[in-house]
Every structure is written in structure tokens, then in C-alpha cells.
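Before anything else, here's the structure in question.
The values are calculated or read from the model by the stated rules, or taken from the named source; none is laboratory data. Since this is a predicted model, take the numbers as computed values, not measurements. Here the Cβ is made from the backbone with ideal geometry for all residues, glycine too, and neighbour counts use every protein chain on show.
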Amino acid sequence: MSKTAFPISDRVQKMQSSSTLAVFLAAERLKSEGAEVFDLGAGEPDFPTPDNIKEAGIRAIRNNQTRYTANTGTAELRAALSQYFEHEHGAEYPPSQIITSTGGKQSIFNAIVTMVNPGDEVLIATSYWVTFPEAAVFADGTPKIIDTEGNNFRLTADLVAANVTNRTKLLIVNSPNNPSGRTIPRDEFEKIAELARERNFYIIADDCYYSFVYPLNRPFSAAALDAKLRERIMVVGSFSKTFAMTGWRLGFAAGPKPWIDAMSKVQSHTTSNPSSISQAAALEAITGPKDSVGQMLIEYKKRRDWLIPALNGIPGIECLEPEGAFYAFPSVKGLLGKTGVKDSTEIAKILLEEYHVVVTPGIAFGVEGYLRLSYATSLDIIQRGVEKIRELSERLLK
């Protein structure tokens, strides 16, 4: 019998697998082999889900809240999210303009596939989260990358304007940014939103790390913009990072009703409603005490304040201070070309295989010559991992 290629669709063949998932799997493989691993690759809080949220999930199980809910989520959760937007941002989003989903990633994916037609351009600024361009490719759109490296990875309206064409349909914005930790100030976001109105494109604002912004910076969400500006914006949020609920898989989006309705249509034929148990837990998260969020932010700041000077003290490495999220994005360009090491992927591979330090190469986020390090892990692991990075630097620069 002759062998033929398995008939994977052209759309999926054009996509790349998740680089961050590959790093996670590599770390799990080493751990399963009994190796001591310094995991700076994980993009999730190392804190447990707060007890009140866990108890809400347990109560939901005991109370037999185990059936399908409305496709867009329970009325109670969407009403609570509506109140959250009004209280936190002064924004009026009725429940009909809110959808819950199986993680913020699903909301972003649904927002993209309901907006983009074949050939439409999707503007994505470096450094970008790995899923953004792949979701655009799946929708038969054309990712158009905005290079912000020369502006210290800060997106501006001028940079957006320089890349808009008559084919531009969508701009994806992530602030605080994964992986750079950079933020977009309110006045700049207003200019970007005004540009969207003038040039007839739409915006997805990924607020996944909204709650983790360090002093003296202030958190800002596109939800706080004027109602007229929000008419072209889909705001996406996640319980995963804010409440240490990554495994619960619960996200949400708020935006123009026609866009939300289209996303609901897609979701009705893919996952339907997110887990009823997770929704019950999320309801407690959004309405209950939020002390844990502030506590996590204090701990992340301690780790950041140790990590960034330590990285800048390593020969061949330079790192901007993150303003939010829990990642460092150091340049390792000073190490490239040394002892035959040609790119960040090779450095990440050496760190993994020889030093058991898990990091993600910058090319996964659209920028060569950088590494992403997560400090959503203990300070001890961070310090020991950085010492291994120093050892590699000194070895390469001999």
C-alpha cells in the first residue's frame, strides 16, 4: 500500500504550534526524568487559587450545578461582570454585550475569526503573544507585524498609523504586554482608538494582565475609554492570571453587541458554554474579596526588583524594567555569535539541555535576540536559574 500524506487542512498547516506549550512540555519531560529543573518558562501564577473561590466551586458541585448553562455564560456571572466594568472602569456594558468563554484565549480566537476575512490585515505589535498571529492565519487573515523594538517595545499611535493600509481590519493590543511587560498609557490608547475610527479598523484589547501593574505606573483598560471609542473595541479579560485560576479555564469579553453575538455563534458550535463549575467559582472571584490580587502583586514586584538588576549584571545581557505582568524580556544579543551560538533558540536549548533552565526564545514572540523569563515562580528558583544563565554567559564570552 502506497503511503500518502495525511490530509491536514491548508488552514491548519499554515499555523505553527504553540512555542510556550512546547517549553511547558520540555520542562515536564525533564521533571519526569527526575531532573532538578529551574522553570522560568511558566506563564501562570505559582500561587494557589484562593480558598473562597475553591469553596465556591466545591459548593457548585455539591449543589448539582453540573448542567449546561447559557452559551454565553450564566446570567449571574455576566451581570456581575457588567457591574465590575461599571465599578472598575466607569463603563456601561450590559450583560448582552458580555460573553464568557473557556479561557481568555478562546475569547481572543473567537473575536478574530468573527472579524477577519481572507486577505484582511491584522496588525500585531512586537513583542506579541504567540497565539495572536496564528489565530489570524487560521482566519485566513494576513498578520502584519509592527516593529516596536526601536521604541523599547512600546506601541504608539504613530507606529500604528505607519502600518495601516486599506486592507487593515484589526489591531490586537496587549497591555501590560506578554512578554515585555510594557504598558500603553491612557493618552496613547485614546489616540490609537481615534485612529481606528478615522481609518476604519477594529481593536482587540487583551487585558489579561490588567491587575498586575507596578507602581509608579497605573493600570489602564480600553474599557475606560469614551463610549464612542469603545464601539470598535473588544475588551478581553481572564480569571486565569488575576485569580490564579489557570486550570479553571474561564475568560470573558465585552464589546459591541453584533460582535459579541457573532462570537456567541462561533462558540455555540465549538465548546458551547464554559464549565458551569468554573463559572460558579468565577462569580465568587469577581464579587468576593480580592486581597489575593494585591498580595500577588506585592510578591511579583519583589521578584522583579531582584531579577532585573541581576540580569543587567550579567555580561552580554540587557533588560528593560517591566511595568506590568510577570515576565522579563532580556536581550541576549551580546551573546550571539559567541562560540557558534547563532540565535535565541539555540541559547534556550543549551539552557534547557545542559543547565536545566527553562526559558522561551524571543523569536516565539516575534523578536530575535531575546529570551522570555517568567518570575511567576519562587525567588529561590529565580535566583538559581539566573545563576545558571550567568554561568552560560561567562562560558560563551571566554
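State all residues of region 248-259 that are surrounded by fewer than 22 Cβ atoms within 10 Å (Cβ to Cβ) and touching a residue at least 60 places away in the same chain (Cβ under 8 Å); if no residue qualifies, say none.
Filtering region 248-259 down to residues surrounded by fewer than 22 Cβ atoms within 10 Å (Cβ to Cβ) leaves 249, 256-258.
Correct list: 249, 256, 257.
Find the residue count for region 139-153, including only residues that are farther than 17 Å from residue 112 by Cβ and small (Gly, Ala, Ser).
Summing the residues that are farther than 17 Å from residue 112 by Cβ and small (Gly, Ala, Ser) in region 139-153 gives 1.
Just wondering, is there one or more residues in region 71-80 that are basic (Lys, Arg), modelled with pLDDT of 95 or more and closer than 27 Å to residue 128 by Cα?
no
Quick one: how many residues across region 330-357 are assigned to a helix (DSSP H, G or I), among the small types (Gly, Ala, Ser) and at pLDDT 95 or above?
Total meeting the criteria: 1.
Listed here are the residues, each with its yes/no results for (1) touching a strand residue (DSSP E or B) at 6+ places or on another chain (Cβ under 9 Å); (2) free of Cβ contacts under 8 Å to residues at least 60 places away in the same chain; (3) over 30 Å from residue 23 (Cα atoms).
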residue: 90; (1), (2), (3): no, no, yes
residue: 99; (1), (2), (3): yes, no, yes
residue: 108; (1), (2), (3): yes, no, no
residue: 135; (1), (2), (3): yes, yes, no
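How about region 368-381: which of its residues are touching a helix residue (DSSP H, G or I) at 6+ places or on another chain (Cβ under 6 Å) and under 16 Å from residue 296 (Cα atoms)?
Correct list: 375, 379.
Among the residues of region 270-290, what is the count of those that are of a type outside the set (D, E, K, R), outside any helix (DSSP H, G or I) and either touching a helix residue (DSSP H, G or I) at 6+ places or on another chain (Cβ under 9 Å) or not assigned by TED's automatic domain parsing to the domain that holds residue 101 (or both)?
Looking only at that region, the number is 7.
Within region 162-176, is even one residue more than 17 Å from the chain's Cα centre (by Cα), within 22 Å of residue 327 (Cα to Cα) and without any contact (Cβ under 8 Å) to a residue 40 or more places away in the chain? If you could, list the steps in order and put the result at the bottom.
Restricting attention to region 162-176, the residues satisfying the condition of being more than 17 Å from the chain's Cα centre (by Cα) are 162-170.
The next check asks that each one be within 22 Å of residue 327 (Cα to Cα); those that pass are none.
Scanning region 162-176 turns up no residue that is more than 17 Å from the chain's Cα centre (by Cα), within 22 Å of residue 327 (Cα to Cα) and without any contact (Cβ under 8 Å) to a residue 40 or more places away in the chain.
Among the residues of region 361-376, count how many are in contact with a strand residue (DSSP E or B) (Cβ under 6 Å, 6 or more places away or on another chain) and over 17 Å from residue 320 (Cβ atoms).
Qualifying residue count for the region: 0.
Can you tell me how many residues within region 277-288 are small (Gly, Ala, Ser), over 21 Å from the mean Cα position of the chain (by Cα) and surrounded by 19 or more Cβ atoms within 10 Å (Cβ to Cβ)?
2
Of everything in region 291-308 that's loosely packed, with under 15 Cβ neighbours inside 10 Å and within 19 Å of residue 55 (Cβ to Cβ), which residue is farthest from the chain's Cα centre (by Cα)?
This residue is 291.
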